[in-house]
1. If the requirement is being within 30 Å of Ile136 (Cα to Cα), among the hydroxyl-bearing types (Ser, Thr, Tyr), part of a helix (DSSP H, G or I) and in contact (Cβ under 8 Å) with a residue 12 or more places away in the chain, which of these qualifies: Ser313, Ser211, Ser236?
2. Any residue at all in the range 240-247 that's among the hydrophobic types (A, V, I, L, M, F, W, C), open to solvent by 60 Å² or more (accessible area, probe 1.4 Å) and at pLDDT 80 or above?
3. Checking Leu327 against (1) modelled with pLDDT under 80; (2) open to solvent by 90 Å² or more (accessible area, probe 1.4 Å); (3) closer than 25 Å to Glu180 by Cβ, which single condition isn't satisfied?
4. Which condition breaks for Glu69 when tested against (1) under 18 Å from the mean Cα position of the chain (by Cα); (2) in contact (Cβ under 8 Å) with a residue 12 or more places away in the chain; (3) over 22 Å from Asn3 (Cβ atoms)?
5. Collect the residues in the range 28-44 that are in a loop (DSSP other than H, G, I, E, B) and exposed (fewer than 12 other Cβ atoms within 10 Å of the Cβ), keeping them in residue-number order.
6. In the list Leu111, Leu105, which residue meets the criterion of being buried (at least 20 other Cβ atoms within 10 Å of the Cβ) and under 18 Å from Pro28 (Cβ atoms)?
7. How many residues does the range 251-304 hold that are charged (D, E, K, R) and closer than 30 Å to Ile189 by Cβ?
8. Which one of Ile307, Ile269 is surrounded by 10 or more Cβ atoms within 10 Å (Cβ to Cβ), in contact (Cβ under 8 Å) with a residue 24 or more places away in the chain and out of contact with any helix residue (DSSP H, G or I) (no Cβ under 8 Å at 6 or more places or on another chain)?
Amino acid sequence: MLNIFTLANGRLVQEEIEALEELSRFQPIWVDLESPTLDEKRWIKQYYGLSIPEDAMDEDIEESARFYEEDNGELHIRSDFLIDDDEAPRAVRVAFILNQHNTDLRSRGVLFSIHDEDVPVFRLLRMRARRAPGLIEDAKEVMLKLFDADAEYSADSLENIYDELEAASKKVLSGNVSDELAGEVLGAIARQEDLNGRIRRNVMDTRRAVSFMMRSKMLNAEQFEEARQILRDIESLDNHTAFLFDKINFLMDATVGFININQNKTIKIFSVASVALLPPTLIASIYGMNFKFMPELDWAMGYPYAIVLMAASALVPMWYFRRRGWLK
């Protein structure tokens, strides 16, 4: 899918392109390619003179090749954007290309973004730019607003994590935690820990991208101050992820502690039962001895007497243990 965005009365207007000839009708500030086809890449090459690298969206690209500027003036930034999906949270690699200086190409002043799937942050920016005139003035502003929206999206995800952990905390600290409930809580905590780690990695990547934009001296004074504000927001998010990691570790330890308590209760019951059965075992061992002279051997009530004695020697300790509360 190839979408272009133009400015009309200060608002961002979206147009979907289905043929090469349609590109000449617009003067965009942003060209967004979502899972671009070979034809769409060819259109960009023919009309704008821009070659999209084959490894533009690769996950394993070298870190040093993610932020750089070409000799022809093209600025390349590859950054990750979070998708907070309930089933499979993930990061999507987005490649940005911006020609700042080469006036010989139609791509000058146009931001190109290439990615494999739709990103919530992109939808959020499109919605805001349509409703708020003057929000975006040029291609650099688009990129800044995307990173700003990404930080805000990460903040919303952190709030959701905190809500999920609060719900898990109420279950764990209720005091009546079964093994089934503990397993459910551990699964929920593990999912939030994974998401929290992804958010922390995402904001770290956003910090690097914004810092690169500031170092490249591509921003004017107002945009530079906006970038500094984004970095301050990211710093607060980074601190909050550290707080959530501490809370997650506490809940993990508390839940595992309750599992250990439940296991200890089971082991205690077996221990008490084995102690209670020691006297009957002793009595049975005595009467199982093959001595010639044993008073009860010739007694008619010897067998019932031994049975009653073994039962009593087992019941009396069990009654004592229950009275002391050792079986709870």
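The values are calculated or read from the model by the stated rules, or taken from the named source; none is laboratory data. What you see is a predicted model, and the numbers here were worked out from it, not measured in a lab. Positions of Cβ are backbone-derived with ideal geometry, glycine not excepted, and every protein chain shown enters the neighbour counts. Surface areas here come from the heavy atoms of the whole protein model, side chains and all, with no ligands, DNA or RNA. Shrake-Rupley method; radii C 1.70, N 1.55, O 1.52, S 1.80 Å.
1. After ruling out the rest, the residue left standing is Ser211.
2. Yes, some residue in the range 240-247 is among the hydrophobic types (A, V, I, L, M, F, W, C), open to solvent by 60 Å² or more (accessible area, probe 1.4 Å) and at pLDDT 80 or above.
3. It fails just one condition, (2).
4. Condition (1) is where Glu69 drops out.
5. Thr37
6. Every option except Leu111 fails the conditions.
7. Qualifying residue count for the region: 3.
8. Answer to the check: Ile269.
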